[in-house]
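Working notes, beginning with the structure itself.
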Amino acid sequence: METPKREPLLRELKNYLTHLKDVGYTEIPCEAELFANAQQRATQPSQSPNEMAKSLTAVQKELGDCTRCKLSETRKNIVFGSGNPKADLVFVGEGPGADEDEQGLPFVGRAGKKLTEIIEKGMGLNREKDTYICNIVKCRPPGNRDPEAEEIAACNPFLIQQLLAIKPKVIVALGKSASSTLLGRTVPIVKERGTWHEYAGIKLMLTLHPSYLIRFYTLENRKAVHEDMKKVLKELGR
Ligand code: URA
């Protein structure tokens, strides 16, 4: 195996540590270890897919009636995710809003309608059949505030296992929070949208969040998301 170059690794490490500091950590969280283990499992070619990852049902069972962070005190329902557990394409958003909390399903409110429009009208796919949708936190942050570092950290092991259970061809991170969480650094989303990355050996595309698109409904932003989704379709061979 080729020895990885030192400089890019050090840069990645510096970015990761800066991100942890930015979001309020004073210590390195232990899910980093879990991620490394999960990533290793996912990239071991000698193992069968079943050995590589837990099933989605097993991940949801392990999450249970979660009380690992304070969002459990105010949520109505856990919003684990929805769609095809064998989908080639997974969208990851930030966290449930009021409608999602009420129904226990992701992206069913206004942002959800926009996301469905992007998937069905824009990409010509079927939301339920062709995609799986989830969030970086599974419970609604009160008043739709941004999820806090400890809340993201508490949910992250489940997000990682969820993505490794589905093992899609492409993950799309919707907005800054999802992009930053998946890449482990603070992502300037307007600048970095439309770029390819990797998450546990899976292709990762960054794009604008549907709520941002609703709020700043400019031709430029609509074109940007359209271009990003065209890249995703090409990668999927569709
Ligand atoms: N916004 C998100 O990021 N996720 C949802 O599920 C709904 C709105």
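The values are calculated or read from the model by the stated rules, or taken from the named source; none is laboratory data. Computed from a prediction, not measured in an experiment: that's the story for all the values here. Ideal geometry is used to build each Cβ from the backbone, glycine not excepted, and the neighbour counts take in all protein chains shown. Areas reflect the complete protein model, heavy atoms only, side chains present, ligands, DNA and RNA absent. Shrake-Rupley method; radii C 1.70, N 1.55, O 1.52, S 1.80 Å.
Filtered by the rule that a residue be closer than 20 Å to Pro96 by Cβ, among the hydroxyl-bearing types (Ser, Thr, Tyr) and either more than 16 Å from the ligand (Cβ to nearest atom) or in a helix (DSSP H, G or I) (or both), region 182-222 gives Ser211, Tyr212. Only residues that are within 25 Å of Leu233 (Cα to Cα) and at pLDDT below 95 were counted across region 49-106, and they come to 1. Selection within region 203-213: residues that are in contact with a strand residue (DSSP E or B) (Cβ under 8 Å, 6 or more places away or on another chain) and surrounded by 20 or more Cβ atoms within 10 Å (Cβ to Cβ). The member of this set that is nearest to Ala165 (Cα to Cα) is Leu204.
For Ala154, state whether it is more than 14 Å from the ligand (Cβ to nearest atom), open to solvent by less than 20 Å² (accessible area, probe 1.4 Å) and at negative phi. Against the criterion (more than 14 Å from the ligand (Cβ to nearest atom), open to solvent by less than 20 Å² (accessible area, probe 1.4 Å) and at negative phi), Ala154 does not qualify. Pairing each residue of region 49-62 that is surrounded by fewer than 17 Cβ atoms within 10 Å (Cβ to Cβ) with any residue that is at pLDDT 95 or above and assigned to a helix (DSSP H, G or I), provided the two are 6+ apart or on different chains, yields C-beta distances under 7 Å for Ser55/Ala165. Quickly run through region 146-170 and pick out the residues that are over 17 Å from Gly83 (Cβ atoms) and of a type in the set (S, T, N, Q). Within region 146-170, Asn156 is the sole residue that qualifies. Scanning region 174-188 for any residue that is open to solvent by 50 Å² or more (accessible area, probe 1.4 Å) and not hydroxyl-bearing (Ser, Thr, Tyr) turns up at least one such residue. Scanning region 167-179 for residues that are closer than 12 Å to Leu204 by Cα and assigned to a helix (DSSP H, G or I) yields Ala178, Ser179. For Val137, the conditions (1) within 13 Å of the ligand (Cβ to nearest atom); (2) open to solvent by 10 Å² or more (accessible area, probe 1.4 Å) all hold with the exception of (2). Residues in region 75-98 include none that are more than 12 Å from the ligand (Cβ to nearest atom), out of contact with any Leu (no Cβ under 8 Å at 6 or more places or on another chain), open to solvent by 30 Å² or more (accessible area, probe 1.4 Å) and without any contact (Cβ under 8 Å) to a residue 40 or more places away in the chain.
Filtered by the rule that a residue be under 22 Å from Gly95 (Cα atoms) and of a type outside the set (Ser, Thr, Tyr), region 204-221 gives Leu204, Met205, Leu206, Leu208, His209, Pro210, Leu213, Ile214, Arg215, Phe216, Asn221. Summed over region 100-119, residues that are out of contact with any Asp or Glu (no Cβ under 9 Å at 6 or more places or on another chain), more than 6 Å from the ligand (Cβ to nearest atom) and either touching a residue at least 24 places away in the same chain (Cβ under 8 Å) or more than 23 Å from Leu56 (Cβ to Cβ) (or both) total 9. Within the option set Ala173, Ala224, being at pLDDT 95 or above and within 19 Å of Ala87 (Cβ to Cβ) holds for one residue only, Ala173.
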